[in-house]
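Read the structure below first, then the notes.
The values are calculated or read from the model by the stated rules, or taken from the named source; none is laboratory data. Everything quoted here is computed from the prediction, not taken from an experiment. Note: ideal-geometry Cβ built from the backbone for every residue, glycine included; neighbour counts use all protein chains shown. We work out accessible area using only protein heavy atoms, side chains counted, and drop any ligands, DNA or RNA first. Shrake-Rupley method; radii C 1.70, N 1.55, O 1.52, S 1.80 Å.
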Amino acid sequence: MRCRSSICSNRPAQTILSLGADVLLVLGHDDCGAVKTAIDVADGKMPAGEFAPLTDPIQPAVAEARRTGATGPALLHEAIAANVRLVVAALPAMASGLAQAVQAGKLTIRGGVLTLSSGKIDLLD
């Protein structure tokens, strides 16, 4: 199941529930173009323009990452992790079935960041 960035519809949630999955992993990756673009938009390096539907939902993650004091490549890493955490927190509200499954202890939602070059996934708290 794949949803781009923080944009997800109810259909994946219904599929997850119908499969009987007990863990849902929200996975970001270390070379995320959407997060890179959101940072560039936030820095004024480019207008959001046609990318706004993709980058606007990521701006809270960029702001959260900046609060850590990160800059450069560290800012990208922190923004990716923050975006994953925000999506993990928001998913139950996106689909009532997910919220019910989480509340009933039938589903756990976790987040992680994939390093593309190694295939390693670092799970987030």
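The table below gives the values:
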quantity: Accessible-area value, D122, 1.4 Å probe, nucleic acids and ligands omitted, Å²; calculated: 60
quantity: Accessible area per residue in Å² at 1.4 Å probe, computed on the range 42-109; calculated: 55
quantity: Qualifying trypsin sites (Lys or Arg not before Pro) for the range 35-68 [loop in DSSP, other Cβ within 10 Å: at most 14]; calculated: K45, R67
quantity: 222 nm mean residue ellipticity, helices alone, for the chain (DSSP H n ≥ 4; -39,500 (n - 2.57); rounded to 500); calculated: -15000 deg cm²/dmol
quantity: Where labels lie 7 Å past Cα in the beta-carbon direction, separation of T108 and T68 in nm; calculated: 2.3
quantity: Karplus (6.51, -1.76, 1.60) ³J(HN,Hα), θ = phi - 60°, over the range 17-27, in Hz, Gly and Pro reported as x; calculated: 5, 5, 7, x, 4, 9, 9, 10, 9, 8, 10
quantity: Heavy-atom SASA rank of E64, E50 (probe 1.4 Å, accessible area, largest first); calculated: E50, E64
quantity: Residue among G28, P73, Q103 farthest towards the positive dipole end of the range 2-125, charges placed on Cβ; calculated: Q103
quantity: Cα-centre dipole for the chain with unit charges at Cβ (Lys and Arg positive, Asp and Glu negative), debye to 20; calculated: 260
quantity: With all protein chains modelled, accessible area of I39 [1.4 Å, Å²]; calculated: 20
quantity: Accessible surface of the chain, 1.4 Å probe, proportion on carbon and sulfur as whole %; calculated: 55
quantity: Stretchable slack from A48 to I121, in nm (0.36 nm times residue separation minus alpha-carbon distance); calculated: 23.3 nm
quantity: Residue order for V102, V26 - accessible surface, 1.4 angstrom probe, largest first; calculated: V102, V26
quantity: Nearby lysines by direct alpha-carbon distance to K36 (threshold 22 angstrom, same-chain neighbours under 8 apart not counted); calculated: K45, K120
